[in-house]
1. Just to be sure I understand: with springs between alpha-carbon atoms less than 10 Å apart, which residue in Gly411, Gly420, Gly23 has the highest mean-square fluctuation in the Gaussian network model of the chain?
2. What order do you get for 37-43, 96-102 when each peptide is scored by the mean count of other beta carbon atoms within 10 Å, highest first?
3. Among Ala427, Phe341, Ile162, flag the residue with its Cα farthest along the positive direction of the charge dipole of the chain, charges on Cβ as +1 for Lys/Arg and -1 for Asp/Glu.
4. Take peptides 169-178, 332-341 and line them up by average Cβ neighbours within 10 Å, highest first, as a rough protection proxy.
5. Would you mind checking the tilt of helix 323-343 against the longest principal axis of the Cα atoms of the chain, expressed as 0 to 90 degrees and rounded to 10?
6. So which aspartates and glutamates can Lys165 reach, going by Cα to Cα under 20 Å and dropping same-chain residues fewer than 8 places off?
7. Using the Karplus equation 6.51 cos²θ - 1.76 cosθ + 1.60 (θ = phi - 60°), what ³J(HN,Hα) coupling, rounded to whole Hz, does each residue of the stretch 91-99 give in order, writing x for Gly and Pro?
8. Taking a virtual spin label 7 Å from the Cα of Arg175 along the C-beta vector, which residues in the stretch 33-66 bring their backbone nitrogen under 17 Å of it?
Amino acid sequence: MPTRSERLDGLPFTRAHGKLLVGSGVGWALDAMDVGLMSFVVTALAVQWQLGKDQTSWLLSIGFVGMAIGASVGGLLADRIGRRQVFALTLLVYGLATGASALAQSVAVLMALRFVVGLGLGAELPVASTLVSEYSPRAIRGRMVVVLEAFWAVGWIMAALIGFKVIPTSDDGWRWALLVGIVPTLYAVVVRMGLPESVRFLERAGRYDDAERAVRVFERSAGHEPPVDPSAAEVATRRSQEARAARPSGQLWSVGYRRRTAALWTVWFMVNLSYYGAFSWLPSLLHAQGHTLVKSFEYTLYITLAQLPGYAVAAYLIEKVGRRGTLAGFLVGSAVAAFAFGSAQHDAAVLGAGLALSFFNLGAWGALYAVSPEIYPTSIRGRGAGSAAAFGRLASIIAPLSVPFLLGWGGQPLTFGVFGAAFGIAAVAALLLPELRDTALD
């Protein structure tokens, strides 16, 4: 008799999978919208509140301090209390804090609230990808996680539209933009009630009846008749096997996992450094080049749109070429685009290089989120994905703070040269990860 995991792996894509993907993806898009909005908000506040580059940098970075802590804690909690529970809790935390940010009257208060927002955001992202990965059929698991990651582009596009259409309209435009962040608080209720808990987590927690019910929902959605209830003896045997399989099978830095952990952490660190260094400062850099606030936001909107085809191509390649080749290839493309952006002089060159950077970088993000939960067993999967994300967030803290110094030392060529080199290092590290295309999760 096949295990529940084998039954899930053998299913086609069903309406239940679509519900899970959209339900998780909407939360993901709301996350991206919040992160993206801050790049527009600080550009406006730098003018309105007459902020220096140090204050601007810290407003961008403080949220990533919270994200680093949240990613680590969220992964641990996901392995202890469940994926769905943590997902809903984090949406509630960051939704309330974002809404409160709209009322901030000082830089200090805004920074404190952005730290709390970061706690929720950091915990939610690796948990959502783990949940989707554990329910996805084996043949399309990578593609489903990349599609989930594509909702990030939807959120960034929403942020760019709000930044372009709302923030420049008045001195309080940035407040109205942040008030949209209350939406995740309402959506947390939908997540808590509508999304399933991970079957593998339920089995490891000894909740076998709940795990069986969850699998049967997906089987019925596919038009499959669930297997006949087994005898009491078969149940006892199966549960004994599941209990043995649920025991911890290693730690992140044990002999069997240290190479993949080191490689994964390196990719996460370098991608965060380059992505957040470039994109959190993008509207401000365009504004510093002489463009008006509105034109800077418009260019950023166009560049953001290139994220969608990047995800689409990555979603196709990840099941054709494999995880490792797709990730490394998009990282090499990101490196070339970063060097090109740093040397671009004219508007057409800036826009073209920015579009390429957005395309390749976000395709790489999709592949990275697909790889991260796959390379660890169920007992440490949430912790493994969360710790890699937490380590990467250290770079996202450093990146916005480093941009003013890099610009002062060598302008945009040096700044984006550093980002390009980081992408190159990440590409080499990606080649050290195991290839798990069409491989069953434990």
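1. Taking springs between Cα atoms under 10 Å, the residue moving most is Gly411.
2. On the way: 37-43: 26.0, 96-102: 22.6.
Top to bottom by mean Cβ count within 10 Å: 37-43, 96-102.
3. Ala427
4. Values: 169-178: 16.9, 332-341: 23.0.
Ranked from most to least packed, the peptides come out as 332-341, 169-178.
5. On a 0 to 90 degree scale, this one is about 0.
6. Asp31, Asp34, Glu298
7. Going residue by residue, I get 4, 5, 4, 6, x, 5, 5, 5, x Hz, with x marking Gly and Pro.
8. Under 17 Å, as judged by backbone N against the label point of Arg175, lie 41-42, 44-50 of the stretch 33-66.
A short reminder: the numbers here are calculations on the coordinates, not readings from a lab. Please read all numbers here as calculations on a predicted model, not as lab measurements. When we count neighbours, we look across all protein chains shown, and the Cβ atoms used for this are built from the backbone with ideal geometry, even at glycine.
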